[in-house]
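Accompanying notes for the structure given below.
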């Protein structure tokens, strides 16, 4: 035990000393514990670390670190070797971390520090980028008061999930904004009905001009609720293309970061067929899915794509999926609804 205590004290003295940079240890051969096995002492070096060769002694400009080490050692009582070793390892780790943070090691090919971008995909960043790519259309919404961009994009993200869902329009509206007002669903349902009672293109009737606040932030909770519902209705309306035997043609434009996407939809009830012509502003893919079939067309440049879906049934809703390479493989889905004929 005396030999162990002597070795430990020597090791502590080495940790606290201010070595000459010219003789600073580099590599395991110069370790102060190099002869421990021959002298019968316990090897106190935790394991070989690639960073060991980069570590230098703490300079005179780091008095705080030295004080910390002195305090640690002054409170250390020699006892069982495993417990003492754990304390030494903690001291070594703290000193190495302080040195590396003060003087980070360089790769062999570096002459100075560089900030490298992570090679791992930033999933959150990719999702936000995709949302922004398709959200250009939101700038064309006609609202009594402009909504903050984060609020508008949150509503937009919910509407993308709900566009092709088999739900009533009022239910879609409530679900599109309920995360913004989770504690007042009865009031939200009431105002959703009021918003649906107004024409889509005349949203200002729900909020009379003489009661309009100056901004969304200054609006009271009820006004914010109505504004959010108005935005959700316009977004869902722009995502939904309705055609019928009486009105077999419809067109939709959607602004993207790459340019304007133009869709022309034709319903041929006698042939039970839907015909789509789409102008894609960038290379991409157009896909339409039916009950038992799927048709796809692709383009390697900006051009018009055409496809047809057979066995189309009135009363059904079909997803029209648009993929653009510039959107980082995040598709956008329109809902093509075949309105049944009124009896």
Filter result for residue 235 (crowded, with 20+ Cβ neighbours inside 10 Å and over 28 Å from the mean Cα position of the chain (by Cα))
no
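Output the strands (runs of 3 or more DSSP E) that fall wholly within segment 265-343 and possess 2 or more residues being within 28 Å of the chain's Cα centre (by Cα) and either at positive phi or at pLDDT 90 or above (or both), or say none. If you could, list the steps in order and put the result at the bottom.
Working: elements: 273-280, 284-289, 294-299, 303-310, 317-324, 332-338.
By residue number, 284-289, 317-324, 332-338.
Which is closer than 27 Å to residue 142 by Cα and touching a helix residue (DSSP H, G or I) at 6+ places or on another chain (Cβ under 6 Å), of 238, 327? Even if it seems obvious, please write down each step before you answer.
Values: 238 fails: touching a helix residue (DSSP H, G or I) at 6+ places or on another chain (Cβ under 6 Å).
Selected residue: 327, the only one of 238, 327 that is closer than 27 Å to residue 142 by Cα and touching a helix residue (DSSP H, G or I) at 6+ places or on another chain (Cβ under 6 Å).
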Let me confirm something: among 321, 294, 308, which residue is loosely packed, with under 13 Cβ neighbours inside 10 Å and assigned by TED's automatic domain parsing to the domain that holds residue 259?
294
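Determine whether residue 269 is surrounded by 15 or more Cβ atoms within 10 Å (Cβ to Cβ), out of contact with any strand residue (DSSP E or B) (no Cβ under 8 Å at 6 or more places or on another chain) and either farther than 22 Å from residue 169 by Cα or not assigned by TED's automatic domain parsing to the domain that holds residue 141 (or both).
Values: surrounded by 15 or more Cβ atoms within 10 Å (Cβ to Cβ): yes; out of contact with any strand residue (DSSP E or B) (no Cβ under 8 Å at 6 or more places or on another chain): yes; either farther than 22 Å from residue 169 by Cα or not assigned by TED's automatic domain parsing to the domain that holds residue 141 (or both): yes.
Considered against the rule, which asks whether it is surrounded by 15 or more Cβ atoms within 10 Å (Cβ to Cβ), out of contact with any strand residue (DSSP E or B) (no Cβ under 8 Å at 6 or more places or on another chain) and either farther than 22 Å from residue 169 by Cα or not assigned by TED's automatic domain parsing to the domain that holds residue 141 (or both), residue 269 comes out as yes.
Out of the residues in segment 140-167 that are in a loop (DSSP other than H, G, I, E, B) and either free of Cβ contacts under 8 Å to residues at least 12 places away in the same chain or in contact with a strand residue (DSSP E or B) (Cβ under 9 Å, 6 or more places away or on another chain) (or both), which is surrounded by the fewest Cβ atoms within 10 Å (Cβ to Cβ)?
Filtering first and then ranking leaves 166.
The values are calculated or read from the model by the stated rules, or taken from the named source; none is laboratory data. Keep in mind that what you see is a predicted model, and the values were worked out from it rather than measured. So basically every Cβ, Gly included, is an ideal-geometry build from the backbone, and we count neighbours across all protein chains shown.
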